[in-house]
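**Q** Got a structure here, written out as structure tokens. Questions coming.
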Amino acid sequence: MPHRGGIRHMIRTFKDPEAVSRAAADLFVELADEAVAARGRFRVALSGGRTPLRTYQLLAEAPRRERTPWPRIEVFWGDERCVPLDDDRSNAGTATRTLLTRVPVMSGSVHPMRCSADPNAGAADYETLLRGLFETVPVLDLIFLGLGRDGHTASLFPYTSVLSEEARWAAVVHPEGQGPSRVTLTPPVINAARVVAFVVIGREKAAILRSVLQDPPEPRRLPAQLIRPHGGRLIWLTDEAAAAELGKR
Ligand code: 6PG
């Protein structure tokens with residue numbers, strides 16, 4: 001596996017978006033089986049945006065639906081846009097409509113970030129939820145992440161104060177010109193995960209993916225470079241289009 005600044009990570013590149021989505025869905029099922037066998041439950045944080053939609057659809061249908069231990073799965077989010085759940089921009093709303101209403105996950109095990117009425121209160125509520133579930137920094141079994149064209153991931157946007165957050169586990173972010181306020185898991189939580197999997201699809205992501213993976217460390221400009229799971233694995237799942245500039249100067 002290639003090293004980036006001492007962190008071991010794996011880049012798996014697939015022919016097209018469908019193949020990447022299948023690989024992400026298969027990783028979810030594989031890690032869920034492993035976690036349930038080892039610890040009796042699987043704790044996962046879903047990502048937002050458009051990229052994961054196909055993965056969610058694949059998880060909601062045969063054969064993966066039947067092969068996944070849904071009643072033992074606890075669902076979190078990496079971040080949320082502070083809009084109502086029925087808003088198309090809602091990450092939890094989207095995952096609920098495309099996946100969670102179609103599988104036998106326990107409703108009490110699904111933890112959306114509710115922040116549409118009051119983003120600050122939403123972040124504080126999520127922090128309280130996490131502190132009630134975890135005695136020390138949350139160690140999730142899998143955190144899915146996307147990559148924005150500006151190098152953000154979750155809602156860790158360039159040059160925002162959340163990038164240097166070390167104490168809180170959830171924080172509110174007001175990204176310049178990027179729509180509604182957000183709530184995001186902070187770098188300490190993401191980097192505590194057993195597995196972090198970026199899913200990056202499309203030619204429009206090729207330049208930023210190359211920058212994140214090959215430019216010298218500049219995490220305030222390229223927040224995705226902050227993601228370095230201490231004891232975990234970092235996996236990049238990409239299609240050929242998004243990987244097109246890797247290796248170029
Ligand atoms: C969000 C996401 C964000 C997303 C990237 C990529 O709420 O916007 O969590 O980090 O993963 O912006 O978004 P696309 O998949 O839509 O390109």
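What follows draws every value from the coordinates through simple rules; no lab data is involved. The structure displayed is predicted, hence computed values, not measured ones. Here the Cβ is made from the backbone with ideal geometry for all residues, glycine too, and neighbour counts use every protein chain on show.
**Q** Where the centroid of each part is defined by its Cα atoms, how far is the stretch 118-135 from the stretch 66-90 in Å?
**A** Centre-to-centre (Cα) distance: 16 Å.
**Q** Report the longest stretch of the chain that contains none of the chymotrypsin sites (Phe, Trp or Tyr not before Pro) sitting in a DSSP loop with at most 15 other Cβ atoms within 10 Å.
**A** Between the exposed loop sites, the longest stretch runs 1-133.
**Q** Suppose we keep just the DSSP beta bridges with both residues in the chain; what percent of those would be antiparallel, to 5?
**A** Within the chain, antiparallel bridges account for around 30 percent of the total.
**Q** Additional query: Out of 211, 107, 47, any idea which swings most in a Gaussian network model of the chain, alpha carbons joined below 10 Å?
**A** Between 211, 107, 47, it is 107 that shows the largest mean-square fluctuation.
**Q** At most 12 other Cβ atoms within 10 Å and a DSSP loop assignment: could you name the GluC sites (Glu not before Pro) in the stretch 165-249 that fit?
**A** 166, 176
**Q** Considering only DSSP beta bridges where both residues belong to the stretch 130-222, give the percentage that are antiparallel (nearest 5).
**A** Approximately 60 percent, going by the DSSP bridge assignments.
**Q** Also, quick follow-up: Under the rule of -39500 (n - 2.57) per DSSP H run of 4 or more residues, summed and divided by the residues of the chain, what mean residue ellipticity at 222 nm is obtained, to the nearest 500 deg cm²/dmol?
**A** Computed mean residue ellipticity for the chain: -8500 deg cm²/dmol.
**Q** Tell me the relative contact order for the chain as a rounded percent, counting alpha carbon contacts under 8 Å between residues six or more apart.
**A** It comes to 23 percent, rounded to a whole number.
**Q** How would the stretch 145-236 be classified by its alpha-carbon gyration tensor: rounded, prolate or oblate, with rounded meaning a/c under 1.5 and the a/b versus b/c comparison settling the rest? Walk me through the numbers on the way to the answer.
**A** Details: a/c = 1.59, a/b = 1.08, b/c = 1.47.
Because a/c hits 1.5 or more and a/b fails to exceed b/c, the stretch 145-236 counts as oblate.
**Q** If you don't mind, there's one more thing I want to ask. What helices does the chain have that are whole DSSP H segments, at least 24 Å long along their own axis by Cα, and with mean Kyte-Doolittle hydropathy of -1.0 or more?
**A** Membrane-span-like by this criterion, though nothing is claimed about a membrane: 17-39.
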